[in-house]
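The values are calculated or read from the model by the stated rules, or taken from the named source; none is laboratory data. Here the structure is a predicted model, which means the values were calculated and not measured. All Cβ positions, even for glycine, are placed from backbone atoms using ideal geometry, and neighbour counts span all protein chains on display.
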Amino acid sequence: MLQETPIPLGRREKILRRFGYKGMAYLGRVVLGKGEAAALGRPVLLDLSESHVVLVFGKRGYGKSYTLGVILEEFDRLPFSVRSRLAVVNIDTAGVFWTMKFPNEEDEELLASWNLKPRAVENIEVYVPKKVMSYYLSHDLPVDGAFVLNPAELSVDEWLWLLGTDIDSEVGVKLVEVLEKLDPPFGIEEMIEGVEGSDVASRSLRARLKVVKSWELFEEDAPSIKDYAKGGKITNIDVSTFRGSSRLQEVVVALLGRKLFEERMLAKKGEDIALVEHKPTSFEMPIVWMVIDEAHLFAPKRGESLSRDILRIWAKVGRQPGLALILATQQPSDLDDALITQADVFISHRLTSYLDLKALEKIKPSYVPTGLSEEISKMGHRKGLAIVLDDVTERLLLVQIRPRMSLHGGSSASALRTSLL
Ligand SMILES: Nc1ncnc2c1ncn2[C@@H]1O[C@H](COP(=O)(O)OP(=O)(O)OP(=O)(O)O)[C@@H](O)[C@H]1O
Ligand SMILES: [Mg+2]
């Protein structure tokens, strides 16, 4: 148990008085002093019970994905009464988070110095694209299912985006005709069959749909998006193999974002009605945390993007329906400004690029006279060190993120290492 009084981040005074530290994540310890004389002080906790927008920054190899893993481990350790009201959807852009199903025995000594022990994450379900499923199974890697989507769940805009066309083009018009004709549920095959004519636009649409079919991502009887956000569980969606097609990765996030937003809005209405009518609230649809590594790919500062809008909506109005974001990026200068300005918790590992530090100059809260970028440029080199800024409690701290209890899958490839597990 934690002996010293923890420093709570992201938790309002009123909630702290009523619930204490319940529903909070153990992030690490505050660093006291500088250089050789630096020592670890009080534990630092992060609120997971309410909606927040948490940004995790840092240059390559300084601990972003590791820190995301720490937060995911903490979800797993929450008491059931809290955990079951939350669902985590982790967009795994590098396909590395499945290793969390194993305890981190490599760092047993380090963990012991933090009074922690190796521990596998129990409540995580790993979904991988159908195409790589056989690879996972033949290597005995733990996988819980294939990640498939229902084509009928995509909006017209999402289809247009995915096929790289627009509503003003002939291919776009043909697509809308096909979608109008079909009654859900339907598969890609039916979409292809639904394209009539042998003109250039029809042939082009058919060809594009065949490419989509070859991805094996869409199935008529795929679970609905809602089923990927399960109370008490971390759903890990490996989108790493879609990397070649950033459109495809974006469609996944846009669709999850849009559908989960709609579901949570409806659920919140039901919860509020129950409250007004003094009836027991049914918490069928959990509060959702979406965790996205390499977030600049999904909400770029410049250029076209399908998922940026819905992520902005989550950040702007997600507090009320209960939608929370944790976004990590190497390049804050490439991340959408609206997300940076809406964030309430910043965890920044080392950054050195002038542009990235400059991007953080926008974050200049009155309680940090020097600004965040100034603090980051002064911090040390150690991995896992982070400047943490919390708008809720108006704190700025230098924190050493705690070691991982489960295996971190994002370590650098090395010719010296012989095994992962
Ligand atoms: N809190 C920590 N405690 C101990 N070691 C850490 C910590 N954070 C990071 N490390 C070490 O640093 C390495 C790199 O961290 P990580 O994989 O999170 O980098 P990253 O910022 O995600 O990099 P990239 O941008 O290349 O994905 C880890 O494999 C681990 O060895
Ligand atoms: Mg990483």
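Some values worked out for this structure:
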| item | result |
| --- | --- |
| Any chance SER353 is within 12 Å of ligand 1 (Cβ to nearest atom) and at pLDDT below 90 | no |
| Of all residues making up the stretch 291-312, the number that are of a type in the set (Gly, Ala, Ser) and within 13 Å of ligand 1 (Cβ to nearest atom) | 1 |
| Residue in the stretch 81-88 that is touching a helix residue (DSSP H, G or I) at 6+ places or on another chain (Cβ under 6 Å) and either under 18 Å from TYR228 (Cα atoms) or modelled with pLDDT of 95 or more (or both) present | yes |
| Cross-chain or 6+ apart pairs with Cβ under 7 Å, the stretch 183-211 first and under 14 Å from LEU163 (Cβ atoms), then among the hydroxyl-bearing types (Ser, Thr, Tyr) and assigned to a helix (DSSP H, G or I) | VAL195/SER202 |
| Residue match in the stretch 239-247 (condition: outside any helix (DSSP H, G or I), among the hydroxyl-bearing types (Ser, Thr, Tyr) and more than 30 Å from GLY23 (Cβ to Cβ)) | yes |
| From the options ALA315, ALA328, ALA343, ALA324, residue that is in contact with a Leu (Cβ under 9 Å, 6 or more places away or on another chain), among the small types (Gly, Ala, Ser) and within 16 Å of ligand 1 (Cβ to nearest atom) | ALA328 |
| Qualifying position, being assigned to a helix (DSSP H, G or I), in contact with a strand residue (DSSP E or B) (Cβ under 9 Å, 6 or more places away or on another chain) and within 16 Å of ligand 1 (Cβ to nearest atom), among VAL70, VAL44, VAL31, VAL56 | VAL70 |
| Enumeration of residues in the stretch 336-358 that are outside any loop (DSSP other than H, G, I, E, B) and touching a residue at least 40 places away in the same chain (Cβ under 8 Å) | LEU339, ILE340, GLN342, VAL345, PHE346, ILE347, SER348, ASP356 |
| Residues within the stretch 293-329 that are within 16 Å of ligand 2 (Cβ to nearest atom) and farther than 22 Å from ARG402 by Cβ, tallied | 5 |
| Test: GLY61 is without any contact (Cβ under 8 Å) to a residue 60 or more places away in the chain, assigned by TED's automatic domain parsing to the domain that holds GLU271, surrounded by fewer than 22 Cβ atoms within 10 Å (Cβ to Cβ) and not polar (S, T, N, Q) | no |
| Residues of the stretch 121-158 satisfying the condition of being among the small types (Gly, Ala, Ser) and either touching a strand residue (DSSP E or B) at 6+ places or on another chain (Cβ under 6 Å) or not in a helix (DSSP H, G or I) (or both) | GLY145, ALA146, SER155 |
| In the stretch 393-419, residue modelled with the highest pLDDT [restricted to those that are away from ligand 2 (no atom under 16 Å from the Cβ) and farther than 23 Å from LEU40 by Cα] | ALA415 |
| Given (1) surrounded by fewer than 18 Cβ atoms within 10 Å (Cβ to Cβ); (2) under 15 Å from LEU248 (Cβ atoms), number of the condition ILE167 does not satisfy | (2) |
| Every residue from the stretch 103-153 that is surrounded by fewer than 17 Cβ atoms within 10 Å (Cβ to Cβ) and polar (S, T, N, Q) | SER113, ASN115, SER134, SER138 |
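Here is a yes/no grid of residues against (1) within 16 Å of ligand 2 (Cβ to nearest atom); (2) part of a strand (DSSP E or B); (3) more than 27 Å from VAL288 (Cβ to Cβ):
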{"position": "THR99", "(1), (2), (3)": "yes, no, no"}
{"position": "ASN115", "(1), (2), (3)": "no, no, yes"}
{"position": "ARG119", "(1), (2), (3)": "no, no, no"}
{"position": "LEU160", "(1), (2), (3)": "no, no, no"}
